[in-house]
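Only one structure is covered here, and it is reproduced in the block below.
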Amino acid sequence: MKKTTKVAALMLAVAMMLTACGGNADQAADAADTGIASPEASTPDEAPADTETPASDEEASTDAETTAAVTKTEGVITFGTNAEFPPFEFVASSGVIDQYDGIDMAIAKQIAEENGMTAAVENMEFDSLLVALQNGQIDAAIAGMTVTEERKEAVDFSTPYYTATQVMIVKEDSDIASAADMADKKICVVQGYTGEVCVQDMGYPYEAFKKGTEAVMELVNGKCDVVVIDSATAQKYVGDNEGLKIVEDSEAFESEEYAIAVQKGNTALLDMINTAIEAKLADGTISELGVQYTEAE
Ligand code: GLN
């Protein structure tokens, strides 16, 4: 009897893990390739973004009026980010927007400029982005942010532009070969990232750090055994630090989609962003940025 309960509990735990650690099994294969979302894989929501009233569509396409109405400062889109997430956003000696560089920063700048606006960046902790959006401190959050059901309750998401997955970074000689092998290991994550949610849902103890670099240093210094973090960022850290490797487990970690978040109900800005993202997916711009920023350095 006990055994049955245990099995049931385990099955429930696995089901929860699958829900929390990604959403879209169908797109897991895409994630393995380039990560760039396909243009057809558009809306993250069941409700398509283009069901707005004609009035709001008109507003969105009239540049002069739109700029005043959709952002906190006329003619400027203030993007919130957490510039600790290479290759999507990081601080450089000279970036595409001030000192901020990366795939997301290039996308943000293009979205603004194509709409006759300029892009400004407010760099903050990842954890603060949704609140900053809700209280109007920023107009949009672009931060390699995964669309999750929980976040969708707080903000609206654009068409996804990148497909990723969580992976494990370990020392080259580690015996960790799957997520289940983390059971008796010291696990490091970054606070507020989907990686933390995944590990939490698996029921393993872990230590959370403010920055990916801090978690990776902990691993390099032998103070933890594994870092769970997004795939492209993991590649970057493994490239930058000797003696590390990536372990994937596509059954434990499903695919995730990155999208830009706006304040709930800001359909004019969302429409502007979606039009730009969809065009950039279709013409290969986002894919090129992916190559450019992963090959850099
Ligand atoms: N994709 C992860 C998340 O949304 C990490 C994002 C980030 O650190 N910028 O939680």
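Just so it is clear, none of the values below were taken in a lab; they were calculated from the coordinates. This structure is a prediction, so every number in the text was calculated from the model and none was measured.
Quick rundown of the values:
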| read-out | value |
| --- | --- |
| For segment 89-141, fraction of C-alpha pairs farther apart than 17 Å, in % | 39 |
| Too-long pairs where the Cα-Cα distance tops 27 Å, listed order kept, from LYS210/LYS236; LYS152/LYS210; LYS109/LYS171; LYS171/LYS210; LYS236/LYS264 | LYS109/LYS171; LYS236/LYS264 |
| For segment 250-267, 3J(HN,Hα) per residue [Karplus equation, 6.51 cos²θ - 1.76 cosθ + 1.60, θ = phi - 60°, Hz, x = Gly/Pro] | 5, 7, 7, 10, 7, 6, 10, 10, 8, 8, 8, 9, 10, 4, 3, x, 7, 5 |
| Where the Cα pairs of segment 133-283 fall when distances are cut into 10 Å bins, in % | 11, 37, 29, 18, 5, 0 |
| For segment 82-98, 3J(HN,Hα) per residue [Karplus equation, 6.51 cos²θ - 1.76 cosθ + 1.60, θ = phi - 60°, Hz, x = Gly/Pro] | 10, 6, 9, 9, x, x, 7, 7, 7, 8, 10, 5, 9, x, 7, 10, 6 |
